[in-house]
Each structure stands twice: as structure tokens, then as C-alpha cells.
1. Would you grab the residues whose amide H sits under 5 Å from the one on residue 228? Only those 5+ places off in sequence or on another chain, please, with H modelled 1.01 Å from N.
2. Multiplying the sequence separation of residue 245 and residue 59 by 0.36 nm and subtracting their Cα-Cα distance, what value in nm do you get?
3. Quick check: the distance between the Cα centres of the stretch 28-76 and the stretch 212-241, to the nearest angstrom?
4. To the nearest 10 square angstrom, how much accessible area does residue 203 have with a 1.4 angstrom probe?
5. Using every pair of alpha-carbon atoms in the stretch 68-198, split the distances into 5 Å bins beginning at 0 and state the percent of pairs per bin, rounded to integers.
6. Of the residues 170, 215, 139, which exhibits the maximal mean-square fluctuation in a Gaussian network model of the chain defined by a 10 Å Cα contact cut-off?
7. Each residue of the stretch 175-184 in order: what ³J(HN,Hα) in whole Hz does its phi give by Karplus 6.51 cos²θ - 1.76 cosθ + 1.60, θ = phi - 60°, with x for Gly and Pro?
8. Calculate the spin-label point distance for residue 40 paired with residue 138, positioning each point 7 Å from the Cα along the beta-carbon direction, and give it in nanometres.
Amino acid sequence: MELQIREEAGFKFIDEGKGEVMVLLHGLFGALSNWHGVVDHFSKNYRVVIPLMPIYEMSLHKAGVPGLVSFVEDFVKHMGLKDMTLLGNSLGGHVALVYTLKNGDKVKRLVLTGSSGLFEDSMGGSFPKRGNYEYVKERVAYTFYSPETATKELVDEVFDITNSNAKCLRIIAIAKSAQRHNMSKDITNIKVPSLLIWGLNDTITPPMVAHEFNRLIPNSELYFIDKCGHAPMMEHPEKFNSILDKFLAKTPLTAITT
């Protein structure tokens, strides 16, 4: 399926399928292609919506987790979404956590994969190194268990981003905001059924982070995927989708009360 980007009221987004709403939030260097396997699978039975977060365009004073949460709030309001399954990867998971705590009436299920919010190892202390293609290639490959997942297209995309001063400033501001914003005291208040799908070989948010999320989020369950890094939905889409399918089936909306 070729993902069609729609534009409306200043928002860019994917909106595929019909049914219960799934909203997917990408990470700091995330692209729509990250979610291709999820959209292909779930748009047959669900309405899958992916807002393109304005990571590289937002004003510098808003460049941080709170600014991105405000963006998602505005997007959800504009789209009239409710009873959502909210799914976030990496920084997108962090935004999903804060959004859920602030807007519990709109979220019915929460799914996190490689989420920040407790601890993450950034893409190398001095990242981004501008103009050094091999270094960027190495850091992108570091995200995955299998380096070949870091396709030339993906590396080229990140390389282009790191060669823009304006984009780099926003990336650094958002990354620092995420690292400062530890959620260990807040996420004990999440009430909705929550699913954690983690790569057993994640080097950015290691397995110990997943266990800590599982310990702190009251109604949560944790699954690991072996030979898998920071983006399970990209490296092992079939396993990821299977785990998510089972979770959705055993947490029907009619049985979830708030």
C-alpha cells in the first residue's frame, strides 16, 4: 500500500481504513515508512491515523515534549478523534504517555515500543555530526539489531536532516527536553490497558527500561521480540502485529471503562 499524505488545516497526516481509531506517533527521526507494516495490516479492520509531527518546523521555544503534546491535542481535536488506541515509538511513546495522562477520556488503550520517558541512550553523545555520512550511517544502524534495516533511503533521510542547521537546533532542543522529563512519578497514574512491545536487543532504551515501564504502569503487559532493536514494528512487523492483534482482541472497547 502506498501511504497517501493528506493536508488539512495545516496538518499533514495519514488516514487509512475504517473502524476503531488507532493513532500512531513516530519518533525524533521517525518517518511514515516506519509504520508501513502496521498500516498495511491494521487498516483492514481499523482506522489508522498518523500525524506528521512538526519536529523540524515548530518554533524553537516550543520545541520539546510539551509542545509536541499540544500539537497532538490540537490534531485530535481537529480530527474529532475519540476512543483511541494510542501507539508511540521512541519519542512518540513519550508524547503518548503525557497525552494519555492529560487526556485520559480520549485514550482507551496505550501501546509503547522503545519509548523514552524513563531513560534513553541518545544517538551518540556528539550526534549529529554534520557532513559525515559514514558516521550518520553508523548511528542509524545502531538503532537496529540487523544493520541492513538501515536502508540507504533511511540513512539519506537522516543525513539530509542533520545537514540543516534549523532542523538540528530543534532536534537537540527536543532531545534535551525528553531527557529532562522523567516520568517515573507520573506513569503510575495511567489507568488504561497498556501494552509494551520491546526489542530484546534495543541499545537506546534497553530491556531494563521496558521492565521499569512494566513495573510502574499499573495495567500493563510486556512482550520482548528477540534479535530486535529500537523499532520492532520495522524489524519484525509480523511479530509486532501479532502481539498487538492479541492485545486488541482481549481488551475490547466495550469492556474498557474509565
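The values are calculated or read from the model by the stated rules, or taken from the named source; none is laboratory data. Keep in mind that what you see is a predicted model, and the values were worked out from it rather than measured. Note that we place each Cβ from the backbone using ideal geometry, even for glycine, and neighbour counts take in every protein chain shown. In case anyone asks, the SASA skips ligands and DNA or RNA and just uses the protein heavy atoms, side chains included. Shrake-Rupley method; radii C 1.70, N 1.55, O 1.52, S 1.80 Å.
1. Here 200, 201 satisfy the definition.
2. Result for the pair: 63.2 nm of gain on full extension.
3. When both Cα centres are located, 19 Å separates them.
4. Roughly 50 Å² of residue 203 is accessible to a 1.4 Å probe.
5. 2, 9, 17, 19, 17, 14, 12, 7, 2, 0
6. Looking only at 170, 215, 139, the biggest GNM fluctuation is shown by 215.
7. Using θ = phi - 60°, the values come out as 4, 5, 4, 5, 5, 6, 9, 7, 10, 4 Hz.
8. 3.3
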